[in-house]
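Quick notes on the structure that follows.
The values are calculated or read from the model by the stated rules, or taken from the named source; none is laboratory data. It should be emphasised that the depicted structure is a prediction, and the values quoted were computed from it without experimental measurement. So basically every Cβ, Gly included, is an ideal-geometry build from the backbone, and we count neighbours across all protein chains shown. Surface accessibility is based on the protein's heavy atoms, side chains included, excluding ligands, DNA and RNA. Shrake-Rupley method; radii C 1.70, N 1.55, O 1.52, S 1.80 Å.
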Amino acid sequence: MKVLVLGGGAQGSAAAYDLLQDEGVTEVVIGDMQTEVASFLEPFLASAGGSGKLRVAQVDARDEDSVRRAMEGMTSVVCALPYYFNLPMTKLAIEAGAHFADLGGNTEIVEAQRELDAEAVAAGVSVIPDCGLAPGMVNILAQAGIDELDSTESVRMWVGGLPQHPEPPLNYQIVYSMEGVLDYYTTPGLVLKEGEPAEVEALTGLEEVSFPEPLGTLEAFYTAGGISTLPFRYRGELRTMEYKTLRYPGHAQIMKAIRDLGLLSDEPVRVGDAEITPRQFFIDRVTPKLRKPEGKDLVALRVEIRGEKDGRPRAIRYDLLDYYDAATGITAMMRTTGYSLALTGVMQGRGQIREKGVRTPDETVDPLAYLDGLARRGIQIRKSEVEGVA
């Protein structure tokens, strides 16, 4: 199996590292404009005349011919590029006859990818958007719980990437893109409310969620992106479905004040002789303070599905606490996101996906095989079942 990883950033590098551990993967190619690799990948690079299975190719995602050359002969393509590249990369992968998976995160683009279903089926390939942590892992867990119950009333998801040692005032460190974080804080979230999809204001719906010590109590609030298309899929079938982001207490209040004061706006303003956007200024000023290369992170996840089984109320809960890997220097966010993407691409290449065409993970990924794959990667998801309301 040959796999092309598009994008050599944090998530793409983690995906490549994971793929290199798989004996069934004979070649891993990282396609990126930059040819340097993360330090933990350097031992896998072939020396001159060597036989290593990692290769780096200079690929410009804006140049279709460059991408076509990289995709030639590939079994699977896993895309860790910014979300706006997902649609054109999907088209090129179908043209190349390669399976395709991406990190998703933009529902409109996922719907546009769905329109390529007939082409993917004709090419005999599987296309799966939204294959990271959220969306991705949480959607598969939600579907696993829905499948297990006889009837489902509600699905609730909570996910957060957090520093192990928080520092005020935000008690947060950048674990992926600051621009992406601010998008989630300023874009309305999508929920299923009384059986109908509805928008909710980001940073609202504040509640407390308890995890085992030493993590303890976190706060949760609505954000965009993590739930993907699930509310549309279950419209009229489930009463409630929602996704919230986890942070240390006090974070939402500060960020909501910053947003409401206009400091996250994309509208240009003139300051003296210069024209800037408040958001870009905010990112420029805040990023150096929140980017902590030596800071160790964690990922907290909970998915809870409530309904009935054998005529009795039941709640199924999935929990995950994953931590920075000191042995490799791979962060918890990279592990849970990049490894999830790589695992999906491997399952596609092995024919473990239920059907060809364009499907979201909850529609086509076998939860048991996926959970087994995560466990073999050291990502342990704990399942608990509670009679009645949890």
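Some points to look at:
- Percentage relative contact order, segment 297-390, counting C-alpha pairs under 8 Å, at least six apart: 37 percent
- Positive dipole terminus of the chain, leading residue within ASN86, LEU368, GLY311 (C-beta point charges): LEU368
- For segment 164-233, the normalised intensity computed at q = 0.11 Å⁻¹ comes to -0.35 (log10 of I(q)/I(0), Debye sum over alpha carbons, equal scatterers, no solvent).
- Electrostatic dipole magnitude of the chain [Cβ: Lys, Arg +1; Asp, Glu -1; Cα centre; debye, to 20]: 600 debye
- Assuming charge only on the beta carbon of Lys and Arg (+1) and of Asp and Glu (-1), the dipole of segment 269-349 about its Cα centre is about 260 debye to the nearest 20.
- Three-way shape label, segment 1-130, alpha-carbon gyration tensor, a/c 1.5: prolate
- Most positive-pole-ward Cα, PRO231, GLY73, GLY160, against dipole of the chain from beta carbon charges: GLY160
- Note on VAL386 and SER177: the model spin-label points, each 7 Å out from Cα along the C-beta direction, lie 3.6 nm apart.
- Considering only alpha-carbon pairs that sit under 8 angstrom and 6 or more positions apart, the relative contact order computed for the chain is 20 percent.
- The simple Förster model, with R0 at 56 Å and r as the Cβ-Cβ distance, assigns GLU23 and ILE276 a FRET efficiency of 0.60.
- Relative contact order of segment 1-68, defined on C-alpha pairs under 8 angstrom at six or more residues apart (%): 30 percent
- Added length on full extension, which subtracts the Cα-Cα distance from 0.36 nm per residue, GLU194 to LEU321: 42.6 nm
- Extension gain, ARG312-GLN352: 0.36 nm per intervening residue step, less the Cα-Cα distance, totals 11.1 nm.
- Accessible-area composition of segment 103-257, carbon plus sulfur, in percent [1.4 Å probe]: 49 percent
- Since only GLN380, SER39, ALA326 are under comparison, the one whose Cα sits farthest along the positive direction of the charge dipole of the chain, derived from C-beta charges on Lys, Arg, Asp and Glu, is ALA326.
- Working from label points 7 Å from Cα in the Cα-to-Cβ sense, the GLU108 to SER265 distance is 2.1 nm.
- For segment 1-132, the Cβ-based charge dipole about the Cα centre amounts to some 280 debye (Lys, Arg positive; Asp, Glu negative; other atoms uncharged).
- Over the chain: Rg over Rh, Cα atoms, Kirkwood Rh: 0.96
- With semi-axes defined as the square roots of five times the eigenvalues of the C-alpha gyration tensor, the equivalent ellipsoid of segment 53-141 measures 20, 15, 13 Å, largest first.
- Equivalent ellipsoid of segment 72-192: semi-axes from √(5λ) of the C-alpha gyration tensor, largest first, are 29, 21, 13 Å.
- Between GLN164 and GLU208, the contour length at 0.36 nm per residue exceeds the Cα-Cα span by 14.0 nm.
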